[in-house]
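Taken together, the values in this text are just the output of simple stated rules run on the coordinates, not laboratory data. From a predicted model like this one, the values you see are computed outputs, not experimental measurements. Cβ atoms come from the backbone with ideal geometry, glycine included; neighbour counts cover every protein chain shown.
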Amino acid sequence: MAKTEKKEMIGHCLYCGQEVMVEAEIDSEADIEASRNCNCDNIIKRKSQLKALIEDQCGEGALRYQMQPVNKEAETLIQVVGDAILDRTIEAANIKVADTIVSISTSKSGCKMSRKRAISISSEI
Ligand SMILES: [Zn+2]
C-alpha cells in the first residue's frame, strides 16, 4: 500500500472539539494529532508528554544525567506501564533496570516519574 503524504489539515480535539492546524494523512489521524497539540488537558496529550519524559529519562536523553539509556524492550515496557498509570489501571510501579530504579506513580494531576541510581556501597570493618 502506497504511503500517502502528510498535509496541513484541520483536526478537531477529541476532548474539547477545538480546531487545531496539524500535519496528518487522514482525518482520524488529524483529530488525534489535534488532541495531542490542543491546549486543553486530555489523556492523549498526557500520554504523549509522558512518552517524551520516558525518552528523556530512559532513552538517549539519559546520557545528559550521566545514566545509561535502557534497552529498547525495557523502554517499551516502561511506556506500557506509564500508559497504565495514566489510565489509572495501576497506581504505581518501580522498575529496576540498568542499575537504576524507574518509578512512575499517579499524582493529583496525572502522574510523576523519577529515575534514581540503584547503586549503593556499604562497607563494614
Ligand atoms: Zn482539546
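Considering only region 30-47, state which residues are more than 14 Å from residue 112 (Cα to Cα), assigned to a helix (DSSP H, G or I) and in contact (Cβ under 8 Å) with a residue 12 or more places away in the chain.
Within region 30-47, the subset more than 14 Å from residue 112 (Cα to Cα) is 30-45.
Keeping just the survivors that are assigned to a helix (DSSP H, G or I) gives 30-37, 43-45.
Residues satisfying the conditions are 30, 31, 32, 33, 34, 35, 36, 37, 43, 44.
Of all residues in region 1-58, those being under 27 Å from residue 106 (Cα atoms) and small (Gly, Ala, Ser) number 5. If only residues of region 1-29 that are within 16 Å of the ligand (Cβ to nearest atom) and assigned to a loop (DSSP other than H, G, I, E, B) are counted, the one that is surrounded by the fewest Cβ atoms within 10 Å (Cβ to Cβ) is 17.
Considering 46, 115, the condition of being within 15 Å of the chain's Cα centre (by Cα), surrounded by 16 or more Cβ atoms within 10 Å (Cβ to Cβ), within 16 Å of the ligand (Cβ to nearest atom) and of a type in the set (Lys, Arg) is satisfied by 46 alone. Can you tell me which residue within region 70-86, out of those that are charged (D, E, K, R) and surrounded by 12 or more Cβ atoms within 10 Å (Cβ to Cβ), is nearest to residue 56 (Cα to Cα)? For region 70-86, the residue satisfying everything is 75.
Would you be able to say whether some residue in region 63-82 is within 16 Å of the ligand (Cβ to nearest atom) and in a helix (DSSP H, G or I)? Full working, then the answer.
The initial filter retains those residues of region 63-82 that are within 16 Å of the ligand (Cβ to nearest atom), namely none.
For region 63-82, residues within 16 Å of the ligand (Cβ to nearest atom) and in a helix (DSSP H, G or I): absent.
Among the numbered conditions (1) within 23 Å of residue 40 (Cβ to Cβ); (2) surrounded by 15 or more Cβ atoms within 10 Å (Cβ to Cβ); (3) within 11 Å of the chain's Cα centre (by Cα), the only one that residue 52 does not meet is (2).
In the set (1) touching a strand residue (DSSP E or B) at 6+ places or on another chain (Cβ under 6 Å); (2) closer than 30 Å to residue 23 by Cα, the condition left unmet by residue 83 is number (1).
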